[in-house]
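Novice: For reference, the structure I am asking about is given below.
The values are calculated or read from the model by the stated rules, or taken from the named source; none is laboratory data. From a predicted model like this one, the values you see are computed outputs, not experimental measurements. Ideal geometry is used to build each Cβ from the backbone, glycine not excepted, and the neighbour counts take in all protein chains shown. Each accessible area value is taken on the protein alone, full model and side chains, heavy atoms only, with ligands, DNA and RNA left out. Shrake-Rupley method; radii C 1.70, N 1.55, O 1.52, S 1.80 Å.
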Amino acid sequence: MSSTATSPVTSSPPPSSSQSPAPETQPKHLLIRRYVPTDHTAAVTLIADGHAQRRSLANMYIFRHPYFYTVMLPLVAVVFVQYDIKENLGTVILLTSGIIMALMSLVGRMTDPLLNIARDIAKADFLENADYAFVAIYGEELIGVCSMQYIELADHNAKDPLNADNVIASTAGKRKSTTASQEKKKHKAMLSSWTVIRRYRNVGMGSDLLGYILQVAAQDKAESLLVQCSSLESRARKTLQVKGFSTVSETPLPGNLGRLGIKTETWSINPTQWVKEHPDQATN
């Protein structure tokens, strides 16, 4: 994702469609425009890379976890007890390295599901089905993606509101045919993607994208904008917090990852209220 520092970003023209017109960004050097099919490969690759990086974060988290050392140190200690390091230095090094490599392989297998998610995203077409999808262009390079989907929830008080079983319907593809009275109805929106290429993080690019999509949601009178992120994504969590999002749920990941304390967090904000309270921060 991105941190919240101000970025050196041109203006972006509002997208033309039957949907509510999107706002313009402030005059910077970052162009935010509507996603088009020719962006598909670069945009989906960027999103998939972002999810793959969650696996790297999970690996590092496990390597630093006390449980990792609780398993590794006794095994290494057995090697040092069984062999005199002065006489069997090569054997000690070989066995110790083997233990570490075996544990690293085990950790990799534990985090494989996160990598599988990234692989599945590469085959998805959710950007084409999103109510709004935008890309950030810096120079001539696509460096960020942000998309939003209007949703209906089976249980608005669910512990994990964005669980696949709780999202019972989406308004994607229906908004163009809605009546004027339906168009004024408040919606719940979900940020279905939000990522910036790694080398452009921590300079405010992700914050600009988030501010832009918040304005879009506010124009549509969305009652809330929901977004999920991993508890390991400190930069994304900081940006959400500074923008005014608050956590509404924390759900442990399934299996061993959850038992180690890795969670999926759902954050929420009222876009209309946010734009009213922070008009000068809409794209900062």
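Novice: When the residues of the range 185-194 are narrowed to those that are in contact with an Asp or Glu (Cβ under 8 Å, 6 or more places away or on another chain) and at pLDDT 85 or above, which ends up farthest from residue 155 (Cα to Cα)?
Specialist: Taking the range 185-194 as the starting set, the residues that turn out to be in contact with an Asp or Glu (Cβ under 8 Å, 6 or more places away or on another chain) are 186-189.
Adding the requirement that they be at pLDDT 85 or above leaves 188-189.
On the way: 188: 12, 189: 15 Å.
Looking at residues that are in contact with an Asp or Glu (Cβ under 8 Å, 6 or more places away or on another chain) and at pLDDT 85 or above, I get 189.
Novice: Condition first: open to solvent by less than 20 Å² (accessible area, probe 1.4 Å) and not aliphatic (A, V, I, L, M). Now tell me which residues in the range 217-232 satisfy that.
Specialist: If the condition is that a residue be open to solvent by less than 20 Å² (accessible area, probe 1.4 Å) and not aliphatic (A, V, I, L, M), then 220, 224, 229, 230 are the ones that fit.
Novice: Identify, by number, the condition in (1) at pLDDT 90 or above; (2) more than 22 Å from the chain's Cα centre (by Cα); (3) loosely packed, with under 15 Cβ neighbours inside 10 Å that residue 18 doesn't meet.
Specialist: (1)
Novice: Could you tell me whether residue 25 is open to solvent by less than 50 Å² (accessible area, probe 1.4 Å), closer than 23 Å to residue 149 by Cβ, at pLDDT below 90 and among the β-branched types (Val, Ile, Thr)? Walk me through how you get there before you give the answer.
Specialist: Values: open to solvent by less than 50 Å² (accessible area, probe 1.4 Å): yes; closer than 23 Å to residue 149 by Cβ: yes; at pLDDT below 90: yes; among the β-branched types (Val, Ile, Thr): yes.
Yes, satisfied.
Novice: Collect the residues in the range 215-250 that are out of contact with any helix residue (DSSP H, G or I) (no Cβ under 6 Å at 6 or more places or on another chain) and of a type in the set (Val, Ile, Thr), keeping them in residue-number order.
Specialist: 216, 227, 242, 247, 248
Novice: From the list 128, 87, exactly one residue is assigned to a helix (DSSP H, G or I) and at pLDDT 85 or above. Which is it? Walk me through how you get there before you give the answer.
Specialist: On the way: 87 fails: assigned to a helix (DSSP H, G or I).
Unique residue meeting the criteria: 128.
Novice: Is at least one residue of the range 160-180 modelled with pLDDT of 90 or more and outside any helix (DSSP H, G or I)?
Specialist: Our first condition is that a residue be modelled with pLDDT of 90 or more; within the range 160-180, this holds for none.
Scanning the range 160-180, I find no residue that is modelled with pLDDT of 90 or more and outside any helix (DSSP H, G or I), so the answer is no.
Novice: Taking the range 140-159 only, how many residues are more than 20 Å from residue 265 (Cβ to Cβ), modelled with pLDDT under 85 and not aliphatic (A, V, I, L, M)?
Specialist: Going through the range 140-159 one residue at a time, the tally reaches 0.
Novice: Let me ask you something else. Quick one: in the range 234-284, of everything that is in a loop (DSSP other than H, G, I, E, B) and more than 18 Å from residue 162 (Cα to Cα), which residue is farthest from the chain's Cα centre (by Cα)? Break it down into steps so the answer makes sense when it comes.
Specialist: Filtering the range 234-284 for residues in a loop (DSSP other than H, G, I, E, B) gives 244-245, 253-255, 260-262, 270, 278, 282-284.
If we keep only those that are more than 18 Å from residue 162 (Cα to Cα) too, we end up with 244, 255, 260-261, 278, 282-284.
Numbers: 244: 17, 255: 21, 260: 20, 261: 18, 278: 23, 282: 20, 283: 19, 284: 19 Å.
The qualifying residue farthest from the chain's Cα centre (by Cα) is 278.
Novice: Filter the range 41-80 down to residues that are open to solvent by 50 Å² or more (accessible area, probe 1.4 Å) and of a type in the set (S, T, N, Q) and give me whichever is farthest from the chain's Cα centre (by Cα).
Specialist: By that ranking, first place goes to 70.
Novice: Could you pull out the residue among 211, 206 that is open to solvent by less than 10 Å² (accessible area, probe 1.4 Å) and modelled with pLDDT under 90? If you could, list the steps in order and put the result at the bottom.
Specialist: On the way: 211 fails: modelled with pLDDT under 90.
It is 206.
Novice: Still on this structure, please answer the following. If you go through the range 81-116 one residue at a time, how many are farther than 23 Å from residue 69 by Cβ, surrounded by 14 or more Cβ atoms within 10 Å (Cβ to Cβ) and under 28 Å from the mean Cα position of the chain (by Cα)?
Specialist: 2
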